[in-house]
Structure formats: structure tokens, C-alpha cells
Amino acid sequence: MLFSFLPTLLLLLGWLGPYPTAQPGQPMLTYPVPAGVANQLFYLQRDPNTNTIIYQLNLNGGGQLNEEEPISVFWLRYDEQGQRKDLNFIQRKFAYGLTAKKLAADKYELKFAAYDKVPFYLMKSSVDKAYHVFTVIGNKQIVLTRVYLRIEGGTFWVPNVRYIEFKGWNAATHEPVVMRVNV
């Protein structure tokens, strides 16, 4: 099981550019919180830099959801004055890209290109009538706002992933939720 997951994990975490990973014992960077991104659903950050991947609701010119590709995914390159940049082919197809399968009106199943074992759902909330990304972590349905990958040491091709952290709010109680999964 671990060995079947390893190639996709390597692509998810290692195919990002010529950056070193954080070293054991090295403190985490201070990461910016993306602001002013219209229709942002959630974002992903990881070592070794502050560049951030944004997952944004993809609306057409009339403000309607693009049913073929409901989520746009792109970088905010904070290391380059916060420029927006599209994912490259490898990042989109093997790492950070998402596929969406329409399940019902206003409900889509989402899967990360690199790892499709944990399902995520793009759904309209019955409370605020807005789209959010939902998942179940620790037997709690959460509205996802951030994913963080902690990498300490390792190599470009075999990073030492310490944990994945999911942040959001409990869909039932609206309380903040942070769940960490050790890898």
C-alpha cells in the first residue's frame, strides 16, 4: 500500500522546482494568508517556500459555475511579488490538479491528481447558498480552507513528509477545525 502511494506522493511533494526542503529542527516559515482572491475555496501551502496554490471557484462571464471545470487551480508566487501563475503540465496532471465529477445539481466529487483516496466535494451550502469544498477528517465533516504539507529533509525525489494538516470549520457547528495526519 505504501509503495503504491509513494510515486504519487513524490510527485505531489517533490516536483515543484529546484527548492530545498526544510531541514529537521528548522522552524516553519511564516506563511501569508491569501487575501483578495475572488471566489477562493481553499489554498495549499508547503515547505520549502511561501508560494501558495489557490483553488478558486471557476465561474463563467455570467457568474454561473463552469460545470466542465468547476475549480481553477493556480499559484500565487509570493517569492515573485505575489504573481499569479498557472500550474505547469506536471503539477496539474500529477500533483495539484483536481478532477471533478458531477454527482448532482450543485454537487461534485473532487480528486487530487496525485492522491485520490480522500474524497472532497464541491457543494452548495444549505446555510449560505455558496459553494464550499467539504471533506471528512477525523469523523467530522469540515469545510476546507487550507491544506499544509510539512516537509523536513529528504531529497528532491524522496522528501521526508512529516504530516499533512487540514484546516477549516466544522460544517455542523461552525467551530474552527485543524486536523493533522502524520505521514
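Taken together, the values in this text are just the output of simple stated rules run on the coordinates, not laboratory data. Everything quoted here is computed from the prediction, not taken from an experiment. As a convention, Cβ positions derive from the backbone with ideal geometry for all residues, glycine included, and neighbour counts pool all protein chains shown.
What is the gain in length, in nm to one decimal, between residue 183 and residue 78 on full extension, counting 0.36 nm per residue of separation less the C-alpha to C-alpha distance?
35.1 nm
Residues with amide H under 5 Å of residue 42's amide H, sequence separation 5 or more or different chain, H placed in the peptide plane at 1.01 Å from N; which?
Correct list: 55.
For the pair residue 172 and residue 59, how long in nm is the line joining their label points, each one 7 Å along Cα→Cβ?
3.2
With 10 angstrom as the radius, rank 112, 94 by how many other C-beta atoms surround their C-beta, starting from the fewest.
The most exposed by this proxy come first: 94, 112.
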